[in-house]
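Colleague: Handing you a structure now.
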Amino acid sequence: MAFACLATSAQALAQTAASSAPLPSASGRPMSIDFANDPVLTLARQHSGYEQFREAIATAVERHPGTAESAAGEDEALAALEEARAMGLPSVDLSLTSYRVISREFSNDPDNILERSRPEQRTDAILTVQQTVFDFGATARRITAAGARLRSAGADLEVAADRIALGAIASWYDVFAFRSLVALTEAFVASQHELRSAVEERIRQGVSAEGDLARVDSYIAQAQSRLARFRRLAANAEARYAEVIGSPAPRIDRAPIPAALPPTRDEVVLAAEASAPVRSAEAQSDAARDEARAMRADRLPQVAVGIDAGRYGVFENPRDYDIRARVGMRYRIFGAADARAEQGEARARQADARAQRIREEAGRDASIAWSDLKALQDQLEALEASYVANRRSRDVIVERFRVARGSLIDVVDAEDSYFEAATAYIQGLTELDAARYVLLSRMGRLLDTLHIDTDQLRGEG
């Protein structure tokens, strides 16, 4: 009879944690346990291959519709920049018209020189070239604003890729954690059934009362409830993984721990203030400011020059044409220009305030992520100490039961505490790992860490 609550889960953890060593049964020397070989604690020293992890996350980013959406938005911004630049170039219009008189009649036709000189049919070609030569910088401001919007769209693509990558990492860790917890709980349920058999035997021997059997049954029911919950969560995690990554979840271990993170909160906040969301908001603010200046310039006179060339009777006569040069000034004194300029200035102030808010939020979120990471590191140390203490306590109680025929219910309680400590340790371990990647995301360094090149995600533009 095995009294170790997780003694039968060696094969299950071998599949989820790549550990070939069986989980330990109760030791005859509880105070001399070698925890260096403990399979649960060994999880903290085992990782999946970097390329396997990076490829899975990169695949999720590349195939996600959100990436294509952001890439198309950048293409649109690029086209808008080209449109703004085209406004500074000459505009050329070519028109071709042709008519044929079907019927006409004038009462004074002999004296109507104009109508008598009009041909029965004629084809005219008109070429117009116009160039704005002075508009107080309105066109240049709009070009600058379009360039800022293009920078914002590029940063938005990074934001989308970062968000998708972080979601894929969360899916990876959910699969790893819940598969491990399912394996632990299955082993715990099996151990409880073994204990029930032991209680039945003790009842037959007259050592235990029949009431002990009901108590063990309640423990088994509770363990089966835990198992059902973890199986449901594992199935949900695997479904999310398949949806995000695009393939069923294989056997996976912990993701590799990223490189050393900044040691101080100030460094983290400084990095966050240069992250993609902040750069996007600042570029939008620059664009709104330049657009407001362009609207103010629209209230001032604009000077344009042009050439009009006409060829009349293209097919009907050899050389009827005229060419005219013109210079014009347009100055709209009344109208909605002032109101539009005021709207532009208000939008510029709004965009500037939004950029300031996002900058502060980015710094605050990064600071919180840094604090969470430090707290989770301390928590994992406490959970490890709790696991060590619970395993040693379990072994002491089992050994006492073996040599002194103590209470079997004490063994059940000890195993339950041991199971809870193992579960908490695995959950704390995955939370700590996830917190590292969350901090990288808040700092704007997640894509660089995973070597995901956003240039390869860009659209057709």
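Colleague: Checking the condition over 30 Å from ILE164 (Cβ atoms) and either touching a Pro at 6+ places or on another chain (Cβ under 9 Å) or surrounded by fewer than 19 Cβ atoms within 10 Å (Cβ to Cβ) (or both), which residue from ASP448, ASP378, ASP453 passes?
Modeller: Exactly one of ASP448, ASP378, ASP453 is over 30 Å from ILE164 (Cβ atoms) and either touching a Pro at 6+ places or on another chain (Cβ under 9 Å) or surrounded by fewer than 19 Cβ atoms within 10 Å (Cβ to Cβ) (or both), namely ASP378.
Colleague: In region 80-114, how many are at pLDDT below 85 and hydroxyl-bearing (Ser, Thr, Tyr)?
Modeller: The total comes to 2.
Colleague: Here's another thing I want to ask about it. Taking region 398-447 only, how many residues are within 30 Å of ILE358 (Cα to Cα) and either touching a residue at least 60 places away in the same chain (Cβ under 8 Å) or within 14 Å of the chain's Cα centre (by Cα) (or both)?
Modeller: The number of residues fulfilling the criteria is 16.
Colleague: Then there's this: Taking the condition within 24 Å of ALA281 (Cβ to Cβ) and in contact (Cβ under 8 Å) with a residue 60 or more places away in the chain, does ARG391 pass?
Modeller: Details: within 24 Å of ALA281 (Cβ to Cβ): no; in contact (Cβ under 8 Å) with a residue 60 or more places away in the chain: yes.
Here the answer is no, as ARG391 does not meet what is asked.
Colleague: Can you name the residue in region 314-369 that is touching a Pro at 6+ places or on another chain (Cβ under 8 Å) and assigned to a helix (DSSP H, G or I) and is also surrounded by the most Cβ atoms within 10 Å (Cβ to Cβ) among such residues?
Modeller: Applying the filter and picking the extreme gives ALA362.
Colleague: So ILE257 ticks every box in (1) surrounded by fewer than 19 Cβ atoms within 10 Å (Cβ to Cβ); (2) assigned to a helix (DSSP H, G or I); (3) in contact (Cβ under 8 Å) with a residue 40 or more places away in the chain but one. Which box is left unticked?
Modeller: Here ILE257 clears every test but (2).
Colleague: Just checking, how many residues over region 279-313 are surrounded by fewer than 21 Cβ atoms within 10 Å (Cβ to Cβ) and either closer than 14 Å to ILE358 by Cα or of a type in the set (Phe, Trp, Tyr) (or both)?
Modeller: Residues meeting the conditions: 1.
Colleague: Would you point out the residue of region 42-67, among those that are polar (S, T, N, Q) and touching an Asp or Glu at 6+ places or on another chain (Cβ under 7 Å), that is farthest from VAL388 (Cα to Cα)?
Modeller: Applying the filter and picking the extreme gives SER48.
Residue-by-condition table, conditions (1) within 30 Å of ALA80 (Cβ to Cβ); (2) of a type in the set (Phe, Trp, Tyr); (3) buried (at least 19 other Cβ atoms within 10 Å of the Cβ):
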{"site": "ALA165", "(1), (2), (3)": "yes, no, yes"}
{"site": "TYR173", "(1), (2), (3)": "no, yes, yes"}
{"site": "SER225", "(1), (2), (3)": "no, no, no"}
{"site": "ASN236", "(1), (2), (3)": "no, no, no"}
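Colleague: Oh, and also: Select, from ALA79, ALA44, ALA84, the only residue that is surrounded by 14 or more Cβ atoms within 10 Å (Cβ to Cβ), out of contact with any Ser or Thr (no Cβ under 8 Å at 6 or more places or on another chain), touching a residue at least 40 places away in the same chain (Cβ under 8 Å) and aliphatic (A, V, I, L, M).
Modeller: Step by step, each of ALA79, ALA44, ALA84 is checked, and only ALA44 is surrounded by 14 or more Cβ atoms within 10 Å (Cβ to Cβ), out of contact with any Ser or Thr (no Cβ under 8 Å at 6 or more places or on another chain), touching a residue at least 40 places away in the same chain (Cβ under 8 Å) and aliphatic (A, V, I, L, M).
This table checks each residue for (1) of a type in the set (D, E, K, R); (2) within 44 Å of the chain's Cα centre (by Cα).
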| site | (1), (2) |
| --- | --- |
| LEU150 | no, yes |
| ALA153 | no, yes |
| ALA165 | no, yes |
| ALA168 | no, yes |
| GLU186 | yes, yes |
| SER191 | no, yes |
| ARG204 | yes, no |
| GLY211 | no, no |
| ARG215 | yes, no |
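Colleague: Of all residues in region 131-167, count the ones that are of a type outside the set (Val, Ile, Thr) and within 30 Å of ALA255 (Cα to Cα). Don't jump to the end; show me each part of the working.
Modeller: At the first step, the residues of region 131-167 found to be of a type outside the set (Val, Ile, Thr) are 131, 134-138, 140-142, 145-158, 160-163, 165-167.
The next check asks that each one be within 30 Å of ALA255 (Cα to Cα); those that pass are 154-158, 160-163, 165-167.
Going through region 131-167 one residue at a time, the tally reaches 12.
Residues are listed down the side, and each one gets a yes or a no for (1) assigned to a helix (DSSP H, G or I); (2) under 23 Å from GLU431 (Cα atoms); (3) free of Cβ contacts under 8 Å to residues at least 60 places away in the same chain; (4) of a type in the set (Lys, Arg):
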{"residue": "ALA183", "(1), (2), (3), (4)": "yes, yes, no, no"}
{"residue": "ALA221", "(1), (2), (3), (4)": "yes, no, yes, no"}
{"residue": "ARG231", "(1), (2), (3), (4)": "yes, yes, yes, yes"}
{"residue": "TYR241", "(1), (2), (3), (4)": "yes, yes, no, no"}
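The values are calculated or read from the model by the stated rules, or taken from the named source; none is laboratory data. Note that this is a predicted model, so its numbers are computed, not measured. Neighbour counts are summed over all protein chains in view; Cβ atoms, including those assigned to glycine, are modelled from backbone coordinates with ideal geometry.
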